[in-house]
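The numbers here are math on the coordinates, done by the rules we state, and not lab data. Everything quoted here is computed from the prediction, not taken from an experiment. Note: ideal-geometry Cβ built from the backbone for every residue, glycine included; neighbour counts use all protein chains shown.
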Protein chains: 2
Amino acid sequence: MYNDKLNTSIQNPHVSVDCVIFGFKEGDLKVLLIERKAASDNNSSPNKKDFLLPGDLVFDNEDLDTSARRILKELTSLENIYLEQFHAFGNPDRVRKPSDKPWLEAIRTEPYARVITIAYYSLVKLEDYKPTASSFANNADWFSLKDIPELAFDHNEIVNYALKVLKSRIQTHPVGFELLPKKFTLSQLQKLYETIMGENLDKRNFRRQFMKNGMLIPLMEKQKHVPHKRAQLFKFNKEKFEAV
Amino acid sequence: MYNDKLNTSIQNPHVSVDCVIFGFKEGDLKVLLIERKAASDNNSSPNKKDFLLPGDLVFDNEDLDTSARRILKELTSLENIYLEQFHAFGNPDRVRKPSDKPWLEAIRTEPYARVITIAYYSLVKLEDYKPTASSFANNADWFSLKDIPELAFDHNEIVNYALKVLKSRIQTHPVGFELLPKKFTLSQLQKLYETIMGENLDKRNFRRQFMKNGMLIPLMEKQKHVPHKRAQLFKFNKEKFEAV
């Protein structure tokens, strides 16, 4: 019988959570990153910025969702965000890049221990969430997806995976509408989809898809505060979307 | 600065993987379960069956996907199955049911340690996979979804979650076709969907949905080995499905 009392190839790893928070504003998809406080490492340049996703170890008596909310709040002050677990990352070498070593040595009792991380993502209206860094975060801010630097650990891979999940999700769930104002133009809606999908979409096809199912309600209003060609506003027919 | 050297609320949990293997045969959706060898527990009835999902602890130098494949093979002999990670379960009390205690005490160095599990699922043609139990499994067999007994740990919850994922997936991915013979009737296809969805579907609507996109190719053949009313056979247009 298999028995871990007889087996030395199992040590207990650390388990962490990491959060990929996507924010959308004016045609730009961003990700919330923190800058970690420099470890006492004389070799590293003092000007080197060191970015990563908000994440940390799970407490003993905490379930994973609670842990994700606690850690996001501790590091960035953001709370009341709907977080969805999307994938666990368990490459045995994921925390073994030389550039992560000084920081791990500074804060971990077992700096070389394996860390398996459970990743969460969320999608928010960027302007509703202004992060404030605390705990080991020196800084917390939104980064355009196209300007994301090399991150600590395997965090670039985690961001890319989250983006893949988001692209798939936006095609079958009404997630995208949470990112727009209540009243929006068709151009704004298309821009949102194009930004997340990372490609241009055919205008006529796109509009036909959305109009044919009655998912959009045309309003008797037009855009304000634009110099000319004020476009019609729409609102989202949530009941209809859920039924489809 | 947050520092786990100063924090006593973090112990390293165990990390395991668990596999929910769905098999389909003749209108019945089944799940692969193992029966674990009885622990040396004098209080338990010798006739009590003790079922659970194939799963075990992850080795130190193993990534999660490798671990899932190794463990499934060790316990059930099944291999070359495509496994997809779907969720991590981390309730701190998930391995603390009194009925699981004797077994944990028999095989674990730290029987009361928390175990966080990463769950995988798969969908196979049942007749292609005949399990053979080994390691701590006494027995390994297919159970109809409607006859699943009370399982160890939180494994009933894990099966239910996997089923939810499968229901959602079958509506957007061609997973279902992997479960049918190459040539099938429309009734077989509908029965597959009805079984996974757990509800009756309208025959005309169902057929229209599948026919309108050219996803099914009608063959010049009819069913064999049925006494009367031999139905037309179809095959799946994989290229078309992927394009849609």
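With a 10 Å radius around each residue's Cβ, average the other Cβ atoms per peptide and rank A:181-189, A:55-63, A:24-32, highest first.
On the way: A:181-189: 16.0, A:55-63: 19.4, A:24-32: 17.8.
Listed from highest to lowest mean packing, they are A:55-63, A:24-32, A:181-189.
Check which residues have an amide H placed less than 5 Å from B:N237's amide H, if you skip close sequence neighbours.
Those qualifying (amide H under 5 Å, at least 5 residues apart or on another chain) are B:L216, B:I217.
How far, in nm, would the chain grow between A:H225 and A:K130 when pulled straight, counting 0.36 nm per residue and subtracting the alpha carbon separation?
Numbers: separation 95, 0.36 × 95 = 34.20 nm, distance 2.49 nm.
Length gained between A:H225 and A:K130: 31.7 nm.
On a 0 to 90° scale, report how tilted helix B:155-170 is relative to the longest principal axis of chain B, with both axes built from alpha carbons and the result rounded to the nearest 10.
Roughly 30 degrees between the two axes.
Note down the nm distance, to one decimal, between modelled labels 7 Å out along Cα→Cβ at B:Y112 and at B:F143.
2.9
Fewest Cβ neighbours within 10 Å first, please rank B:W142, B:W103 accordingly.
So the residues, fewest neighbours to most, are B:W142, B:W103.
For segment B:94-101, in order, what is each residue's ³J(HN,Hα) by Karplus, 6.51 cos²θ - 1.76 cosθ + 1.60 with θ = phi - 60°, in whole Hz (x at glycine and Pro)?
Computed from phi, the couplings for segment B:94-101 are 5, 10, 10, 5, x, 5, 8, 5 Hz.
Under the rule of -39500 (n - 2.57) per DSSP H run of 4 or more residues, summed and divided by the residues of the protein assembly as shown, what mean residue ellipticity at 222 nm is obtained, to the nearest 500 deg cm²/dmol? Write out the running numbers ahead of the final one.
Values: 12 runs with 128 residues, N = 488.
So the calculated ellipticity at 222 nm is -8000 deg cm²/dmol.
What spacing in nm lies between the two simple spin-label points modelled at B:K212 and A:F206, each 7 Å away from Cα in the Cβ direction?
2.4
May I ask you to report, in nm to one decimal and beginning with the shortest, the distances from B:E105 to the same position in the other copies, taking label points 7 Å along Cα-to-Cβ?
Nearest to farthest, the other copies are at 4.5 nm.
Take every DSSP beta bridge with both residues inside the protein assembly as shown and express the antiparallel ones as a percent of the total, to the nearest 5. Don't skip to the answer; put the middle values down first.
Working: 52 of 74 bridges.
Here the antiparallel bridges make up roughly 70 percent for the protein assembly as shown.
Taking +1 at the Cβ of each Lys and Arg and -1 at the Cβ of each Asp and Glu, which of B:P98, B:Y120, B:I148 sits farthest along the dipole of segment B:93-162 towards its positive end, judged by Cα position relative to the Cα centre?
Sorting the options by dipole projection puts first B:P98.
Show me B:10-16, A:213-219, B:204-210 ranked by packing, highest mean number of other Cβ atoms within 10 Å first.
Details: B:10-16: 19.7, A:213-219: 14.4, B:204-210: 12.9.
By packing density, highest mean first, the sequence is B:10-16, A:213-219, B:204-210.
Output ³J(HN,Hα) for segment B:127-134: one whole-Hz value per residue in order, computed from phi by the Karplus curve 6.51 cos²θ - 1.76 cosθ + 1.60 with θ = phi - 60°, and x for Gly and Pro.
5, 7, 10, 9, x, 10, 6, 7
Rounded to a whole number of µm²/s, how large is the Stokes-Einstein D of chain A at 37 °C and 0.692 mPa s, given Rh as the Kirkwood radius over C-alpha pairs? Can you show the working numbers first?
Numbers: Rh = 20.2 Å.
Estimated diffusion coefficient is 162 µm²/s.
List the distances, in nm to one decimal, from the label point of B:E74 to the label points of the same position in every other copy, shortest first, placing each label point 7 Å from Cα along the Cα-to-Cβ direction.
3.2
Would you mind computing Rg(Cα) / (2.2 N^0.38 Å) for the protein assembly as shown, counting N as its residues? Show your work: numbers first, answer last.
On the way: Rg = 25.8 Å, N = 488, 2.2 N^0.38 = 23.1 Å.
Rg over 2.2 N^0.38 Å, computed on Cα atoms: 1.11.
Quick one: work out the % antiparallel among DSSP beta bridges in segment A:4-170, nearest 5.
On the way: 21 of 32 bridges.
The antiparallel fraction comes to roughly 65 percent.
Near the amide H of B:R114, under 5 Å away, which other amide H atoms are found, from residues 5 or more places off or on another chain, if H is placed in the peptide plane?
B:H14
Which residue in chain A puts its Cβ closest to the axis that rotates chain A onto chain B, and at what distance in whole Å?
Axis relating chain A to chain B; nearest Cβ residue and distance: A:N12, 2.
Please turn the phi angles of segment A:144-149 into ³J(HN,Hα) values with the Karplus equation 6.51 cos²θ - 1.76 cosθ + 1.60 (θ = phi - 60°), one per residue in order, whole Hz, x for glycine and proline.
4, 4, 7, 10, 5, x
If you place +1 on the Cβ of every Lys and Arg, -1 on the Cβ of every Asp and Glu, and leave all else neutral, what size is the dipole of segment A:94-227 about its Cα centre, to the nearest 20 Debye? Don't jump to the answer; show the numbers that get you there.
Details: 22 positive and 15 negative charges, 141 e Å.
Magnitude of the dipole: close to 680 debye.
Name the long-range amide H neighbours of A:D50: under 5 Å, sequence gap of 5 or more, or other chain; modelled H, no Pro or chain starts.
It is A:R36, by chain and number.
If the reach is capped at under 23 angstrom between alpha carbons, list the lysines near A:K49, excluding any in the same chain fewer than eight residues apart.
A:K30, A:K37, A:K73, A:K97, A:K101, A:K130, A:K146
Kindly give the distances from B:K49 to its copy-mates, label point to label point, with each label point 7 Å from Cα along Cα→Cβ, as nm values to one decimal ordered shortest first.
Label-point distances to the other copies, shortest first: 6.1 nm.
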